[in-house]
Amino acid sequence: MAAAAAETTVDMAENSSQSNDVKTKLSKLFWHGGSAYDAWFSCASNQVAQVLLTLPYSFSQLGLVSGILLQLFYGLMGSWTAYLITSLYLEYRLRKERQKAEFRNHVIQWFEVLDGLLGKRWRNVGLAFNCTFLLFGSVIQLIACASNIYYINEKLDKRTWTYIFGACCATTVFIPSFHNYRIWSFLGLAMTTYTAWYLTIASFLHGQVEGVKHSGPTKLVLYFTGATNILYTFGGHAVTVEIMHAMWKPEKFKAIYLVATVYVLTLTLPSAAAVYWAFGDLLLSHSNAFALLPKSPFRDMAVVLMLIHQFITFGFACTPLYFVWEKAIGMHKCKSLCKRAAARLPVVVPIWFLAIVFPFFGPINSAVGSLLVSFTVYIIPALAHMFTFKSATARENAVEKPPKFVGRWVGAFTINVFIVVWVFVVGFGFGGWASMTNFIQQIDNFGFFAKCYQCPPPLPPPPQMRNFTVAAPPPLHHHHHH
């Protein structure tokens, strides 16, 4: 898909060699990233974006203990499947290079790895799941934009904001490729870190709400919905192979993913726990954590940063889709930018439409998690690894043999079987049932094309009063002045 990406970078490299050195140094610093750090930034910033805001909601469904344990569990599981994807990628690359294939102008993608190692059928399944996942990933980014900006400016309802952001995000059709997003992933990570700590500190300063209840977990439906949202959080590596390809030493990638996950946990655990500690069961009806915190310059800052981050993530999720679409209609090799941009528009329009039909920020994350992420990120890589190394010869010639502490091949095989069974039963089975039930309930309550999902109903007193009652903490400290 991203073959065009590589070509444009090569052209750029040739042109820039003639230009002055300062410019090259600057562009090297910000633009041509391929080191281990870049991969780390990309992994970590792809992992958490809007999910950060829905995790407190998941905690209120799961309860504190389950919430923390499930995050650790899925974090480890995600790192293991990322390791599987790495070893399959290295295996594919080695086999191809033995056949004298050149990868200088071609970005290897996950479905090609499946194709090369396991054949057409696997490729088609992988491609179908991956594309659907990216499509809905983009939809979620759009919904998140509208859901967040509403907390800065309440004059327009969330649906109108979705129209506006859909138009803004449609501009991504003009960006040829994402080979050079070093500065973006760095900024993305900085923004997410700020937001996570803002949520933590603001919740502690706010203190617990009067009569706070922490009753979760109460209902099975909610429990599994929360669990699949966490599965979705750590399933951010549908883009793993492309990030790896953009590295100079892809074999280092295994450790990087684990480190990125550990860093992500230092963001998600304190923020989700703190918000849940402060607000308890109120979160069950507020899937966006911004909704409960009092309005302040810090909150506005966090909202703006998240918006920029979502715009970037929208680009991440959409670009591979553009490539697939261009290849499907034969426009991929086309040189003119405008023609390609026009050809890409049919991809943006359905995303925009879906975001307006289902504005359920929170429940939609869980639905995507159980129906798509479970297969794309957990089940297919684990199965592919087992089938690729089925024969003894394949195991002997493998580039990347499973480490000793896992128990070599037997251990790896056991873990893979466990992952396939666990994710299929708990993630896809129970999780799918729960999140679809929850999703349908949202449709019954709010209807399709909901104008303003989970907005507080306007109260009769004048707006100054209303903001005061909704946002400000209880005015206890005023009594000292009298």
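The values are calculated or read from the model by the stated rules, or taken from the named source; none is laboratory data. Source: prediction; values computed, not measured. Note: ideal-geometry Cβ built from the backbone for every residue, glycine included; neighbour counts use all protein chains shown. For accessibility, only protein heavy atoms count, side chains too; no ligands or nucleic acids. Shrake-Rupley method; radii C 1.70, N 1.55, O 1.52, S 1.80 Å.
Taking the options 398, 355, 384, name whichever one is aliphatic (A, V, I, L, M), over 30 Å from residue 154 (Cβ atoms), within 24 Å of the chain's Cα centre (by Cα) and open to solvent by less than 30 Å² (accessible area, probe 1.4 Å). Before the answer, list the steps.
Details: 398 fails: within 24 Å of the chain's Cα centre (by Cα); 355 fails: over 30 Å from residue 154 (Cβ atoms).
From the options 398, 355, 384, the qualifying one is 384.
Anything in the range 214-228 that is part of a helix (DSSP H, G or I), β-branched (Val, Ile, Thr) and open to solvent by 10 Å² or more (accessible area, probe 1.4 Å)? List them, or say none.
Kept after step one, since they are part of a helix (DSSP H, G or I), are these residues of the range 214-228: 220-228.
Right, trim to β-branched (Val, Ile, Thr) and you get 221, 225, 228.
The one that is part of a helix (DSSP H, G or I), β-branched (Val, Ile, Thr) and open to solvent by 10 Å² or more (accessible area, probe 1.4 Å): 221.
Sort out which residues of the range 304-320 are crowded, with 20+ Cβ neighbours inside 10 Å and either touching a Pro at 6+ places or on another chain (Cβ under 7 Å) or farther than 14 Å from residue 169 by Cα (or both), and write them in order of number.
Hits for the range 304-320 are 305, 306, 320.
Given the conditions (1) open to solvent by less than 30 Å² (accessible area, probe 1.4 Å); (2) at pLDDT below 80; (3) more than 26 Å from residue 316 (Cβ to Cβ); (4) of a type outside the set (A, V, I, L, M), which single one is not true for residue 207?
Result: residue 207 passes all but (2).
Contact list please: Cβ distance under 9 Å, first residue in the range 54-71 and within 15 Å of residue 266 (Cα to Cα) and of a type in the set (S, T, N, Q), second residue surrounded by fewer than 21 Cβ atoms within 10 Å (Cβ to Cβ) and modelled with pLDDT under 90, pairs at least six apart or on different chains.
Here the result reads 71/265, each pair linking the range 54-71 to a residue that is surrounded by fewer than 21 Cβ atoms within 10 Å (Cβ to Cβ) and modelled with pLDDT under 90.
Regarding residue 375, is this residue hydrophobic (A, V, I, L, M, F, W, C), part of a helix (DSSP H, G or I), open to solvent by less than 70 Å² (accessible area, probe 1.4 Å) and in contact (Cβ under 8 Å) with a residue 24 or more places away in the chain?
Values: hydrophobic (A, V, I, L, M, F, W, C): yes; part of a helix (DSSP H, G or I): yes; open to solvent by less than 70 Å² (accessible area, probe 1.4 Å): yes; in contact (Cβ under 8 Å) with a residue 24 or more places away in the chain: yes.
Considered against the rule, which asks whether it is hydrophobic (A, V, I, L, M, F, W, C), part of a helix (DSSP H, G or I), open to solvent by less than 70 Å² (accessible area, probe 1.4 Å) and in contact (Cβ under 8 Å) with a residue 24 or more places away in the chain, residue 375 comes out as yes.
Which count do you get for residues in the range 112-157 that are open to solvent by 20 Å² or more (accessible area, probe 1.4 Å), assigned to a helix (DSSP H, G or I), touching a Lys or Arg at 6+ places or on another chain (Cβ under 8 Å) and in contact (Cβ under 8 Å) with a residue 12 or more places away in the chain?
Looking only at that region, the number is 3.
Among the numbered criteria (1) surrounded by fewer than 16 Cβ atoms within 10 Å (Cβ to Cβ); (2) more than 17 Å from the chain's Cα centre (by Cα); (3) under 26 Å from residue 362 (Cα atoms), which one does residue 98 miss?
(3)
Taking the range 266-322 only, how many residues are without any contact (Cβ under 8 Å) to a residue 24 or more places away in the chain and in contact with a helix residue (DSSP H, G or I) (Cβ under 9 Å, 6 or more places away or on another chain)?
Result for the range 266-322: 2.
Give the residues of the range 413-435 that are aliphatic (A, V, I, L, M) and modelled with pLDDT of 90 or more, sorted by residue number. Write out each step before concluding.
Kept after step one, since they are aliphatic (A, V, I, L, M), are these residues of the range 413-435: 415, 417, 419-421, 423, 425-426, 434.
Within the range 413-435, 415, 417, 419, 420, 421, 423, 425 meet the criteria.
Of all residues being among the basic types (Lys, Arg) and more than 26 Å from residue 299 (Cβ to Cβ) in the range 178-229, which is farthest from the chain's Cα centre (by Cα)? Just the residue, please.
So in the range 178-229, the residues among the basic types (Lys, Arg) come out as 182, 213, 219.
If we keep only those that are more than 26 Å from residue 299 (Cβ to Cβ) too, we end up with 182, 219.
Details: 182: 17, 219: 27 Å.
Here the residue is 219.
I'd like to check something: does the range 397-411 contain any residue that is at pLDDT 85 or above and touching a helix residue (DSSP H, G or I) at 6+ places or on another chain (Cβ under 7 Å)? Outline the logic, then answer.
As a first pass, look at the range 397-411 and keep what is at pLDDT 85 or above: 409-411.
Add one more test, that the residue is touching a helix residue (DSSP H, G or I) at 6+ places or on another chain (Cβ under 7 Å), and what stays is 409.
Within the range 397-411, one or more residues are at pLDDT 85 or above and touching a helix residue (DSSP H, G or I) at 6+ places or on another chain (Cβ under 7 Å).
Residue 439 - would you say it is open to solvent by 80 Å² or more (accessible area, probe 1.4 Å) and either modelled with pLDDT of 80 or more or not acidic (Asp, Glu) (or both)?
Taking the combined requirement at face value, the residue does not satisfy it.
Is it true that residue 353 is among the hydrophobic types (A, V, I, L, M, F, W, C), at pLDDT 85 or above, within 30 Å of residue 166 (Cβ to Cβ) and part of a helix (DSSP H, G or I)? Give the derivation first.
Numbers: among the hydrophobic types (A, V, I, L, M, F, W, C): yes; at pLDDT 85 or above: yes; within 30 Å of residue 166 (Cβ to Cβ): yes; part of a helix (DSSP H, G or I): yes.
Considered against the rule, which asks whether it is among the hydrophobic types (A, V, I, L, M, F, W, C), at pLDDT 85 or above, within 30 Å of residue 166 (Cβ to Cβ) and part of a helix (DSSP H, G or I), residue 353 comes out as yes.
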